[in-house]
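Engineer: Okay, handing you the structure first.
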Amino acid sequence: MFRMLIVAALAALALSACVVAPAPYGRGAAVPVLPVIVELGPDLYFYQHQYHYQYRYDEDRWRYSSSRSGPWTDLPRSHYPREIRFRDSRGVFVAPPLPVIVELGPDLYFVQRGYHYQYRYNDDRWRYSTSRSGPWADLPRSHYPREIRFRDSRGVFVAPPLPVIVELGPDLYFVQRGYHYQYRYNDDRWRYSTSRSGPWTDLPRSHYPKEIRFKDARGVIVAPPLPSIVELGRDSYFQQRGYYYYYQRDDRRWRYSTSRSGPWTDLPRSHYPKEIRFRDGGDRRDRDQDRDRRDRN
């Protein structure tokens, strides 16, 4: 009888040792597994009503908390969903968010998870599509990256592309996003630097603007600068980029117009060429006048 009591006591002890009380969900304890498919809105939060847990999706990672204000704990990867579907503020399915930092090549495209993303630099917008040929849809701003880094065709980091239309003052400099851009009109090249004093690096042509508008010191749009060296015929006319330039030899002034018949406007002296060459023999006369003027001075 005594032996039976001992066996019964030992059996009860063994059974009690095998019973594990369910751990409360919380920090450092078990947390509910996310569903196989999770649908997220623009805020990238998910709420499990039956467990009263908040889940936050950020940078391809999941974190959880019992309160939306935190503190947040990393969710084990075994608890991740197999698929995430994203919706915009209207409830329409959209492409996944972009990473915090996106690196773009000269074509300004990015690909992830079967989606193509296109960055429209001029209006700072992102579009997406399931095919590079489109159709394209606007990406919600909540899905934008925090930083964009640009690379040239060699993979070297370069300055951001210039806008489609750039307006330049007499100094031919442009500043954006911490970069200084210098336009070399004579050879139609752009250079950039993080400081106006240089050093300067050639900007990839894929980052050039489509149009340049020039302003004088008053901010008025004027004709583009003339090349460093201008060759003129007997009529003293020069044409470039849709503008006509006329050189008045008597007072050595330049005027411009969008039509050869005028009306004519004085060209800012900052847009004058450094040298004029005449193809009609007038260069000798003008050079002699220059020499006489220098001798008198």
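Engineer: Take the residues in the stretch 69-123 that are part of a loop (DSSP other than H, G, I, E, B) and β-branched (V, I, T), then tell me which one is surrounded by the fewest Cβ atoms within 10 Å (Cβ to Cβ).
Structural biologist: V92
Residues checked against (1) modelled with pLDDT under 95; (2) under 27 Å from the mean Cα position of the chain (by Cα); (3) polar (S, T, N, Q); (4) within 30 Å of A159 (Cβ to Cβ):
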site: L44; (1), (2), (3), (4): yes, yes, no, no
site: H52; (1), (2), (3), (4): yes, no, no, no
site: E59; (1), (2), (3), (4): yes, yes, no, yes
site: S67; (1), (2), (3), (4): yes, no, yes, no
site: G70; (1), (2), (3), (4): yes, no, no, no
site: A95; (1), (2), (3), (4): no, yes, no, yes
site: V102; (1), (2), (3), (4): no, yes, no, yes
site: R113; (1), (2), (3), (4): yes, yes, no, yes
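Engineer: Follow-up question, since we're still on this one. Only one residue in V166, V158 is under 16 Å from the mean Cα position of the chain (by Cα), more than 25 Å from Y272 (Cβ to Cβ) and without any contact (Cβ under 8 Å) to a residue 60 or more places away in the chain, so which one is that?
Structural biologist: None of the others qualify; the one that does is V158.
Engineer: Could you check, for the stretch 255-264, whether at least one of its residues is at pLDDT 90 or above, surrounded by 13 or more Cβ atoms within 10 Å (Cβ to Cβ) and over 43 Å from the mean Cα position of the chain (by Cα)?
Structural biologist: No, the stretch 255-264 contains no residue that is at pLDDT 90 or above, surrounded by 13 or more Cβ atoms within 10 Å (Cβ to Cβ) and over 43 Å from the mean Cα position of the chain (by Cα).
Engineer: Take the residues in the stretch 54-96 that are aromatic (F, W, Y), touching a residue at least 12 places away in the same chain (Cβ under 8 Å) and out of contact with any Pro (no Cβ under 6 Å at 6 or more places or on another chain); name whichever of them is nearest to E147 (Cα to Cα).
Structural biologist: Across the stretch 54-96, the extreme among qualifying residues is Y57.
Engineer: Is the stretch 228-238 home to any residue that is without any contact (Cβ under 8 Å) to a residue 60 or more places away in the chain, of a type outside the set (K, R), touching a strand residue (DSSP E or B) at 6+ places or on another chain (Cβ under 6 Å) and under 12 Å from L267 (Cα atoms)?
Structural biologist: No - not one qualifying residue is present in the stretch 228-238.
Engineer: Can you name the number of the only condition in (1) assigned to a loop (DSSP other than H, G, I, E, B); (2) under 16 Å from P99 (Cα atoms) that W62 fails?
Structural biologist: (1)
Engineer: Which members of the stretch 135-158 meet the condition of being under 16 Å from I101 (Cα atoms) and in a strand (DSSP E or B)?
Structural biologist: Within the stretch 135-158, E147, I148, R149, F150, R151, F157, V158 qualify.
Engineer: Quick one: what pairs do we get from the stretch 186-205, first residue over 22 Å from P225 (Cα atoms), second of a type in the set (G, A, S) and in a strand (DSSP E or B), C-beta under 8 Å, 6+ apart or different chains?
Structural biologist: That search, which allows pairs on different chains as well, returns P199/S193; T201/S193.
The values are calculated or read from the model by the stated rules, or taken from the named source; none is laboratory data. Quick caveat: nothing in here was measured; it's all calculated off a predicted structure. Methodologically, a virtual Cβ is constructed for each residue, glycine included, from the backbone with ideal geometry; neighbour enumeration extends over all protein chains shown.
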